Amino acid sequence: MSNTALGLRLPRRWTARRGGRLAVRLVLYGIVAGIFVVPLWSMVATAFSAADPKNGEVFLYPHGVSLGHLLTAWHLGMDHALLNSLIIVSVGLVLQVGVSAFAAYALARKRFRAAGLVLLALLATMMMPEESISIPLYLLIGRMHLLNTYAGLILPIVGWALPIYVLTGFMKQIPLELEEAARVDGAGDLRIFFRLIVPLSLPALGTCAVFGFLMIWDQYLLPLLVVQTPKMSTLTLVVTSLAASQEQGEGVRLAAAVVLMVPSILIYLGLQRLFERGLLSGSLKG
């Protein structure tokens, strides 16, 4: 853009270089749309299509609009599974974020000798695949008589190292002078935590809530170990069983996948502002 004597901007002249840049951008946008948007759109179009696609076939546009595939998947166990998943993710996420916030506050603001070792042990658990602890976890849940219960599905996901690590790094950045001023006014640890630390840590808490929701909502191995009756199945188990079934068509399978996908999108959109603020504030760097 070039400026005139009056300070007005004149439009750029169309040049071959500018046209080439625009063409490259359009090609890149097309590639991104082909990789991400087209598969999602074809999944939704097939799920809500009135026609029954063949095995391995998807539609790029719905052949009539119908809720038949969704209703079929709903009657195949998705009603109980959706309720179970919502209960598990609601209770589990609140406990996970709450326990992580308390643990991070102790690691970030309290001085004790083993703080570094505790944080190192927490990070070590993130490097272990969950399959390596599946057998001990199953035996432990069985001895506690928690198989096929909500407690057996919730308690193992309460302790997760990632939100503790994220919140610890974020809380260390909060100036100590604020906490010292609150103590001078007579505030105790709990009051400082709830009135000072938690409000200042909302961006990091939003980030942990998004990651925690996705971690709990997509759990497959833990429900596979704990669940023993169809009434306690989670949404991931039902969607997986429908995907492996030879009796149901692609429309029913993709309708179940759409139901599994929608809550994750809604949670991200609802917490998008806090999530982005948490990332931009450097909370993931520790």
| note | Candidate span helices, the chain: DSSP H, at least 18 Å along axis from Cα coords, Kyte-Doolittle average at least 0.5, result 16-32, 79-109, 202-217, 250-270
| Using the eigenvalues of the Cα gyration tensor, what equivalent ellipsoid semi-axes result for the range 154-224 when each is taken as the square root of five times the eigenvalue, whole Å, largest first? | 31, 12, 9
| Which of I154, I267, I164 moves the most in a Gaussian network model of the chain with Cα springs under 10 Å? | I267
| message | Rg/Rh for the range 109-198 to two decimals, with Rh computed the Kirkwood way over all alpha-carbon pairs. | response | 1.11
| said: Using Cα springs under 10 Å in a Gaussian network model of the chain, which residue among A151, A106, A33 shows the largest mean-square fluctuation? | reply: A33
| note | The set of residues whose placed amide H lies less than 5 Å from the amide H of H63, leaving out same-chain residues fewer than 5 positions away, is A50, A51
| task | DSSP loop (so not H, G, I, E, B), at most 14 other Cβ within 10 Å: list which chymotrypsin sites (Phe, Trp or Tyr not before Pro) in the range 150-248 pass both filters. | result | Y220
| field | Distance (nanometres) between label positions extended 7 Å along Cα→Cβ at M128 and S264 | value | 2.6 nm
| said: In 5 Å bins starting at zero, report the fraction of Cα pairs in the range 24-79 per bin as a rounded %. | reply: 4, 19, 19, 19, 15, 10, 7, 4, 2, 0
| message | Just to be sure I understand: with springs between alpha-carbon atoms less than 10 Å apart, which residue in I31, I197, I88 has the highest mean-square fluctuation in the Gaussian network model of the chain? | response | I31
| So what is the relative contact order for the chain, in percent, with contacts set as C-alpha pairs under 8 Å and at least six apart? | 28 percent
| Tell me, what is the Rg over Rh of the range 144-276, with Rh the Kirkwood radius over Cα pairs? | 1.13
| remark: Options (1) 22.8; (2) 20.6; (3) 19.6 for Kirkwood radius over Cα pairs in Å; the value derived from the coordinates is listed as (1)
| field | At most 15 other Cβ within 10 Å, DSSP loop - GluC sites (Glu not before Pro), the range 152-261 | value | E247
| Longest segment of the chain with no trypsin sites (Lys or Arg not before Pro) in a DSSP loop having at most 12 other Cβ atoms within 10 Å? | 114-286
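No lab work stands behind these numbers, since they all come straight from the coordinates. All of these numbers come straight from a predicted model, not from anything done at the bench. Cβ: placed from backbone, ideal geometry, glycine included. Neighbour counts: every protein chain shown.
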